[in-house]
Structure formats: C-alpha cells, structure tokens
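Heads up: the structure comes next, in structure tokens.
Each value in this text was obtained by applying a stated rule to the coordinates, not by laboratory testing. The shown structure was predicted, so the numbers you read here are calculated from the model rather than taken from an experiment. In this analysis, Cβ positions are derived from the backbone assuming ideal geometry, glycine residues included, and neighbour counts consider all displayed protein chains.
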Amino acid sequence: MIDLRSDTLTRPTEAMRAAMARAEVGDDVYGEDPTVTALQERVAGLFGHEAALFTPTGSMANVLAVASVVQPGEEVLCESSAHIARAELGAHGAISGITMRTWTGERGRLDLAAIDGLHAPDMGPFFVRTAAVSVENTHNFAGGTVVAIDDLRDLRTWADTTGTRVHLDGARLWNAHVATGTPLADYGRIADVLAVCLSKGLGAPVGSLMVGSADAIAQARVRRKRMGGGMRQVGILAAAGAYALEHHVERLADDHAHARLLGEALGLDPADVDTNIVVVDRPDAASFVARAGEEGVRIAAVGPRAVRLVTHLDVSRADAERAAVVLSRLVAR
Ligand SMILES: *Cc1c(COP(=O)(O)O)cnc(C)c1O
C-alpha cells in the first residue's frame, strides 16, 4: 500500500527513535525538561520570537495561540476553508468563546480587500470586535498552497494601522519555507503569534508549538494545563521534533517534487502544485478513492467532489511513480 491520505501518517525513523531514547528528561510541568526547553527556545529563535510552548497537537497550539490575541466575545477573521474554521471541531467557540467570520480566497489565498471589508472596529455594545486575522500557510484544504510573503507583509501593515493582531497557522510553514526560500524569520515577523507542527511533513510522531511573546506564552502555559495538556517527561517527544528540525526540513523538497508528479498524473498543471498536497476535483470522489485503494494507493476524499493526496517522508520516489501510473490509469478510464 502507498498511503497518500496525509503527511501525519509518517512513522518515526530508526534514527529518530534513537534520538528519542537518548533524550534527557525532567518534569516539564515544573519547567524542568531540558529537551523540551531547548526545543522551545530553538523554535522561538527560528521565528525571531521571545518564546514557544510545546503542545500535543497543532489544534491545541492554534487554540492557545488564537486565544492569546482574541478575547471571549471577540472575533477572528479567517479563510472559509481554514483548518481553524473547519477541522478543529469548533474548539475556538466551544473552549475560548471566540466567533469567526470568513473570506473565501482563490486557492486559499489572502484577500486583503475582503478582510478590510469584514473588519469591525470596536463599536461598544453594537458589533463584535475583530481582534485578529488568522492566515494558514501552507493552506491545507486549498491544496497545500503557499500564501505569498508579499501578501503577508501587506497584511502586517494593514494590521498595524487597524490595531488588529495576526495569527499564523503554520502547521506546514516548513513546506512554504522550503518551496519559496523565504526565511522562517520573515514569516515570524508578520505574525504576533504562530502555531507550527512537527508531526506533519517533518515526521515526528507527536508535537506542535505555539510561538509568540514571553507574556503570551506564560498565559498559554496556564491555559494548556487547564485543558489537560501539561505533560511530564515529554522530552522523549520533543527529541523527535528536534531531530526532525535537524534532518527533515530540507528533504521536504522531495515531497514537493513527488506531489507535482502526482498532480500531473491527475491532469493538473504541475506548476499549480505548490508543495506536498494535491487536491483535485472529482465528481465521483468516494468511488475514485475506493478504486485507487483497490489498486494499492490510499487517498482521501475531503468533500463529496474533492480528493486529496499528500506526499511525505514514507513515500519514496518509486512509490510516487507507481502511484502516478495507477492514478493516471484511473483518470483515463
Ligand atoms: C494538521 C493541521 C493542524 C493541526 O492538526 P492536529 O492534528 O491537531 O495536530 C493545524 N492546521 C493545519 C493547517 C493543519 O493541516
């Protein structure tokens, strides 16, 4: 089976497991796990921010990050197919008391005119105040699309003039970084607060981080514990993340090349495949997925008419080539 359903399916490599086994640990609720502390400092540094917090999932990192810039009863603006809107099961409303309004961007892109149109300043007891804009980069359900750094810089300028905060859902920001060459610190600069995942393309079994100011992280540390996310000798997991940052970032370029191969097999222009995700329109999504499965290629339906393929660490060049043959045959049928 070639499993292209998600880049969360990767299993830790032998070398990653060895790094985990060697990890020095302590009780991280006491702030005494040196491996976690080192990872947090390193990731904060990569983005030019003061501090970071290790979380079990990207969803928790997003919930903590958004809550650090949006108070209960305020709203965050995001793209209509954003992970925070669609795939976090209402956490921002259910847990944080935050509402959302959305714009719909061509391929998930930023639309500053739409954002400006939605933006609601503080009008006392009349309207919900827009506290923040959330941007997802790369954009998962839009097909791993990269949000242009110039658009992000324009958003930053707009946010500064309107007093709005910026949250960056960077679950796959590493992919955007490798695909464009934009330094991580440049992405850090446009955001007040970020969430990044180690458990997607980077191949760690567990782990994400919220990144932001020292104050925001201190608050998030309390909220994380309240949500049941205080973890003890979790350096064993942080070590996997540290290993991934060292060894699995540059290789994302291979995943991107493999995704272009698959996109082409499905009739897309390979230039439209930005990173490691391919989303194609298939009116017969469910049966297409079933037929691919019968031929040894597992893919996912992400809507009644949308199919998603994701390349990752456990998909070799040969796997991608074989999957491309199977899929192009199915498309031709
Ligand atoms: C995967 C993902 C997350 C976090 O997901 P978890 O499964 O909770 O780790 C957040 N944002 C985006 C865009 C994602 O793709």
Search result, residues across segment 19-28 that are surrounded by fewer than 14 Cβ atoms within 10 Å (Cβ to Cβ) and among the aliphatic types (A, V, I, L, M): Ala21
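Residue by residue, here is whether (1) without any contact (Cβ under 8 Å) to a residue 12 or more places away in the chain; (2) over 25 Å from Pro183 (Cβ atoms); (3) of a type outside the set (A, V, I, L, M, F, W, C) holds:
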residue: Thr102; (1), (2), (3): no, yes, yes
residue: Met123; (1), (2), (3): yes, yes, no
residue: Asn137; (1), (2), (3): no, no, yes
residue: Arg156; (1), (2), (3): no, no, yes
- prompt: If you scan segment 138-163, which residues turn out to be in contact with a Ser or Thr (Cβ under 6 Å, 6 or more places away or on another chain) and either more than 16 Å from the ligand (Cβ to nearest atom) or within 20 Å of Leu118 (Cα to Cα) (or both)?
  reply: Ile149
message: Out of everything in segment 72-106 that is under 16 Å from the mean Cα position of the chain (by Cα) and assigned to a loop (DSSP other than H, G, I, E, B), what residue ends up being surrounded by the most Cβ atoms within 10 Å (Cβ to Cβ)?
response: Ala82
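Give me the helices (runs of 4 or more DSSP H) completely within segment 141-204, filtered to those with at least 1 residues that are of a type in the set (D, E, K, R) and touching a Gly at 6+ places or on another chain (Cβ under 7 Å), ordered by residue number.
Details: elements: 149-162, 173-180, 184-190.
Qualifying helices (runs of 4 or more DSSP H): 184-190.
For segment 50-75, what are the residues that are β-branched (Val, Ile, Thr) and within 14 Å of the ligand (Cβ to nearest atom)? Even if it seems obvious, please write down each step before you answer.
First, the residues of segment 50-75 that are β-branched (Val, Ile, Thr): 55, 57, 63, 66, 69-70.
Matches in segment 50-75: Thr55, Thr57, Val63, Val66.
Give segment 269-306 a look and list any residue that's β-branched (Val, Ile, Thr) and surrounded by fewer than 23 Cβ atoms within 10 Å (Cβ to Cβ), or say none. Full working, then the answer.
Initially, segment 269-306 is screened for residues β-branched (Val, Ile, Thr), giving 273, 275, 277-280, 289, 297, 299, 302.
Val280, Val289, Val302, listed by residue number.
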- request: Please go through segment 184-203 and pick out each residue that is closer than 15 Å to Leu252 by Cβ and more than 15 Å from the ligand (Cβ to nearest atom).
  value: Leu184
